[in-house]
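The values are calculated or read from the model by the stated rules, or taken from the named source; none is laboratory data. Bear in mind that the values here come from a model prediction, so they are computed numbers and not experimental data. Every residue, glycine as well, gets a Cβ built from its backbone with ideal geometry; the counts of neighbours run over all protein chains shown.
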Amino acid sequence: MTDAGTQPMKLMCGNANRPLAKAIADYLDAPLSNVEIQTFADGEVFVRIDENMRGEDVFIIQSTSKPANDHLMELLIMMDALSRASAARITAVIPYFGYARQDRKTGGRTPITAKLVANLIAKAGADRVLTVDLHAGQIQGFFDIPTDNLFATPVTEQDIRRNYNTEDLMIVSPDVGGVVRARALAQRLGADIAIVDKRRPRAGVAEVMNIIGEVEGRRCIIYDDIIDSGGTLCNAAVALKEHGAAEVSAYITHGVLSGKAVERIRDSVLKELVVTDSIDATGKAGGKIRAIPIAPLLGEAIRRIANDESVSKLFD
Ligand code: R5P
C-alpha cells in the first residue's frame, strides 16, 4: 500500500458501520461529511446532507447488514439525495453486500435478489460500486456499472502469518462453492487445501460430511465469505475433528453472526474465529471471536479510485 497524494473527495456513511467509516476516513486523512438521517414514525427514512456536493467525487460507506432493509434504504436514499445535489460521481462502498446469497432461482417462483439489489443501487444514482468478497464473483456482472470486488485474502494471509505457524497448515473450504477462495488463500500461504463435501444421500436422510483431503494431525483453518447462523462453520469444524484434525480455527470475511451464532461459536470445537469488521463487530468480538480491520484495504482502494489508479494491483 502507498501513501501517495489523494484527489479531493467527499466521504460519508449511513448507520450500518460508523466505526469502519471512521477508520477509512482516518486512513485517508479526510473528514466524514455530516449527514442527518432521521426515521419518521412510520419507519420512512429522511436524509439531509449538510454541505455542498455539487461536482464532488463522493464515496458512501454503507454495508447492507442487519437490519438489511433499513440499511439498504438508507444507502439508496443517500444516493438519491446526492444525485439531486449534483454530485459529479457517486461510489457506493458496500463492504458487505447483503442479499447476495439469493443469486439464482432456487425453484419456481423465487427471486434473484442479488440482481434486484444491484439494479436498485444503480437506479438510485451509483456510478460505481466497491465491495469486498462478493458471495460469488459473478455477482459483479449483475451491476451494469463498474464494480470493484476486493478480496480479504491479503489481510487474512497477513493475520495468519502473524498468529499461526504456517508449516503444517491446511486451508479448508467448508463447502464445494468456496473452493476457489480457499485455494487462493492456500496458494499465498503455500499450504494444502481440503474441502468439506456436504451430501444428503436421500431426502429425509441426515447430511453426511465427507472430507476431501487428508486432515489427520493437521492444523486446519476454515476459510469462508460469510458466517451467519454459524451452522456451516460449526458442523464443518466437528467433521474435521472427527477426521483427526489437530486443531480447527476459522477466518471468515463477513461476520453476520445472527441469532445464537456467538454462543454457538463459544460452545464449538473451534479454537478461534477471526472475522473482518466489514460488519460492525462491536458486542460480538471477544472470547473466541476476533475482528481484524478491513479499513486500510478499503481506504487504499478508495484512494486509488479517486486517483484513477489500478485497484487490481493491490492483489498482485
Ligand atoms: C454459503 O454458501 C456461505 O458461503 C456461508 O457458508 C453460509 O452463508 C453461512 O451461513 P450459516 O453460518 O448460517 O451456516
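Where in segment 63-177 are there helices (runs of 4 or more DSSP H), lying fully within it, with 1 or more residues that are without any contact (Cβ under 8 Å) to a residue 60 or more places away in the chain and not assigned by TED's automatic domain parsing to the domain that holds Leu233?
Ranges flagged: 68-84, 113-123.
In this structure, is Val117 over 15 Å from Ile252 (Cα atoms) and buried (at least 23 other Cβ atoms within 10 Å of the Cβ)? Outline the logic, then answer.
Values: over 15 Å from Ile252 (Cα atoms): yes; buried (at least 23 other Cβ atoms within 10 Å of the Cβ): yes.
Yes.
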- prompt: Name the residues in segment 199-243 that are within 26 Å of the chain's Cα centre (by Cα) and of a type in the set (D, E, K, R), would you?
  reply: Arg219, Asp224, Asp225, Asp228
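Here's the yes/no breakdown for (1) more than 15 Å from the ligand (Cβ to nearest atom); (2) free of Cβ contacts under 8 Å to residues at least 12 places away in the same chain:
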| site | (1), (2) |
| --- | --- |
| Lys260 | no, no |
| Leu270 | no, no |
| Asp277 | yes, no |
| Asp280 | yes, no |
| Gly286 | yes, yes |
| Ala291 | yes, no |
| Ala295 | yes, no |
message: Restricting to segment 144-184, give me the number of residues that are of a type in the set (Asp, Glu) and in contact with a Cys (Cβ under 6 Å, 6 or more places away or on another chain).
response: 0
- prompt: Given the conditions (1) more than 30 Å from Leu76 (Cα to Cα); (2) exposed (fewer than 14 other Cβ atoms within 10 Å of the Cβ), and given that Gly141 satisfies all but one, which numbered condition is not satisfied?
  reply: (1)
- prompt: Out of the residues in segment 193-209 that are under 21 Å from Arg183 (Cα atoms) and of a type in the set (Val, Ile, Thr), which is surrounded by the most Cβ atoms within 10 Å (Cβ to Cβ)?
  reply: Val196
message: One residue is enough: does segment 229-248 have a residue meeting the conditions touching a Gly at 6+ places or on another chain (Cβ under 6 Å), in contact (Cβ under 8 Å) with a residue 12 or more places away in the chain, within 30 Å of Ile94 (Cα to Cα) and aliphatic (A, V, I, L, M)?
response: no
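Can Ala250 be described as within 13 Å of the ligand (Cβ to nearest atom) and under 15 Å from Ile211 (Cα atoms)? Quick ask: steps written out before the conclusion?
Values: within 13 Å of the ligand (Cβ to nearest atom): yes; under 15 Å from Ile211 (Cα atoms): no.
Judged against the criteria, Ala250 is not a match.
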- prompt: Does segment 172-183 contain any residue that is surrounded by fewer than 22 Cβ atoms within 10 Å (Cβ to Cβ) and in contact with a Pro (Cβ under 9 Å, 6 or more places away or on another chain)?
  reply: no
- request: Kindly indicate whether Asp3 is under 26 Å from Asp277 (Cβ atoms), within 25 Å of the chain's Cα centre (by Cα), modelled with pLDDT under 95 and loosely packed, with under 14 Cβ neighbours inside 10 Å.
  value: yes
- prompt: If you take the residues in segment 216-247 that are among the β-branched types (Val, Ile, Thr) and in contact with a helix residue (DSSP H, G or I) (Cβ under 8 Å, 6 or more places away or on another chain), which one is farthest from the ligand (Cβ to nearest atom)?
  reply: Ile221
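Do we have Lys66 as at pLDDT 95 or above and over 18 Å from Ala126 (Cα atoms) here?
Values: at pLDDT 95 or above: yes; over 18 Å from Ala126 (Cα atoms): yes.
Yes: the conditions hold for Lys66.
Quick check, is Val262 out of contact with any helix residue (DSSP H, G or I) (no Cβ under 9 Å at 6 or more places or on another chain), crowded, with 23+ Cβ neighbours inside 10 Å and under 30 Å from Val93 (Cβ atoms)? Don't jump to the end; show me each part of the working.
Details: out of contact with any helix residue (DSSP H, G or I) (no Cβ under 9 Å at 6 or more places or on another chain): yes; crowded, with 23+ Cβ neighbours inside 10 Å: no; under 30 Å from Val93 (Cβ atoms): yes.
When the stated conditions are applied, Val262 does not pass them.
Name the one entry in Pro67, Pro95 that is buried (at least 18 other Cβ atoms within 10 Å of the Cβ), within 24 Å of Ser278 (Cα to Cα) and not hydrophobic (A, V, I, L, M, F, W, C). First the steps, then the outcome.
Numbers: Pro67 fails: buried (at least 18 other Cβ atoms within 10 Å of the Cβ).
Residue meeting the stated conditions: Pro95.
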